[in-house]
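Student: Dumping the structure here so I can ask a few things about it.
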Amino acid sequence: MSALPSDAADEGLTHDAPAQVPEPTPVPTLNVANLLTLSRLVLVPLFVAALFVGDGHDTTWRVLATGLFAIASATDQLDGWVARKYGLITDFGKIADPIADKALTGAALVGLSVLGELGWWVTIVIAVREIGVTLLRFWVIRHGVIPASRGGKAKTMAQIAAIVAYLLPLPAGADPVRWSLMGLALVLTVVTGVDYLVRAIRLRAAGRRVTGS
């Protein structure tokens, strides 16, 4: 049997040539989702400045501070939706998103405690959990990224609702609502903190088995 003509081989008529699989297009770090996350960080100092005008007792500025906090919190839901819908999920976003959340909620809690409107023990419990989870993420980063869980998202929403209730210049009759919301936020904060610890230990152990280190 005669060999295929050289022009036929050049046109890819042989059956031995491997199929070309296109490489996936890398997702740029600087994208809309990550810019929304960064905007949340930018709003943090503006929120704090508005919160402390008039020692926190100026009603107009207090409402403005609450609005800034609400807008910044909304970007948390928006950046995640944009990232999933348009395939803009990056490792940077997985790390920066929870850090931005912690910066915003941490600033609000510390601010409320400085103003004497929220017990420092509440702020400390939440801060220890949030800082601990952030350190856990970096502890296992060589083995993988721990994305925010559903429980973590529920915790964030509970914290936001509780903080908004404390930020708004509401009458004293609203105190039971504030305490209930903050109590729920505290429970979710502790429970999800333990969950993240377990997930981090498992991820690190699995990573070490694979790498042998």
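The values are calculated or read from the model by the stated rules, or taken from the named source; none is laboratory data. Keep in mind that what you see is a predicted model, and the values were worked out from it rather than measured. No Cβ is skipped: glycine too gets one built from the backbone with ideal geometry, and neighbour counts run over all protein chains shown. For accessibility, only protein heavy atoms count, side chains too; no ligands or nucleic acids. Shrake-Rupley method; radii C 1.70, N 1.55, O 1.52, S 1.80 Å.
Student: Quickly run through the stretch 76-96 and pick out the residues that are of a type in the set (D, E, K, R), surrounded by 21 or more Cβ atoms within 10 Å (Cβ to Cβ) and under 13 Å from ASN31 (Cα atoms).
Tutor: Selection gives ASP79 alone.
Student: Another question, if that's okay. Which is within 13 Å of ILE163 (Cβ to Cβ), of a type in the set (Val, Ile, Thr) and surrounded by fewer than 21 Cβ atoms within 10 Å (Cβ to Cβ), of VAL122, VAL114, VAL128?
Tutor: Going through VAL122, VAL114, VAL128 in turn, just one is within 13 Å of ILE163 (Cβ to Cβ), of a type in the set (Val, Ile, Thr) and surrounded by fewer than 21 Cβ atoms within 10 Å (Cβ to Cβ): VAL122.
Student: Now for a different question. Looking at this structure, is THR59 touching a residue at least 12 places away in the same chain (Cβ under 8 Å) and open to solvent by less than 40 Å² (accessible area, probe 1.4 Å)?
Tutor: It is false that THR59 is touching a residue at least 12 places away in the same chain (Cβ under 8 Å) and open to solvent by less than 40 Å² (accessible area, probe 1.4 Å).
Student: Being farther than 23 Å from GLN77 by Cα, in a loop (DSSP other than H, G, I, E, B) and not polar (S, T, N, Q): is that true of LEU112 here?
Tutor: It is false that LEU112 is farther than 23 Å from GLN77 by Cα, in a loop (DSSP other than H, G, I, E, B) and not polar (S, T, N, Q).
Student: Here is a follow-up. Given the structure, is LYS94 part of a helix (DSSP H, G or I) and in contact with an Asp or Glu (Cβ under 6 Å, 6 or more places away or on another chain)?
Tutor: It is false that LYS94 is part of a helix (DSSP H, G or I) and in contact with an Asp or Glu (Cβ under 6 Å, 6 or more places away or on another chain).
Student: Just the residues that are more than 20 Å from ALA70 (Cβ to Cβ), in contact with a Ser or Thr (Cβ under 6 Å, 6 or more places away or on another chain) and not charged (D, E, K, R), please, taken from the stretch 124-151.
Tutor: GLY151
Student: Further question: Got at least one residue in the stretch 195-202 being under 17 Å from the mean Cα position of the chain (by Cα), open to solvent by less than 30 Å² (accessible area, probe 1.4 Å) and within 21 Å of VAL44 (Cα to Cα)?
Tutor: no
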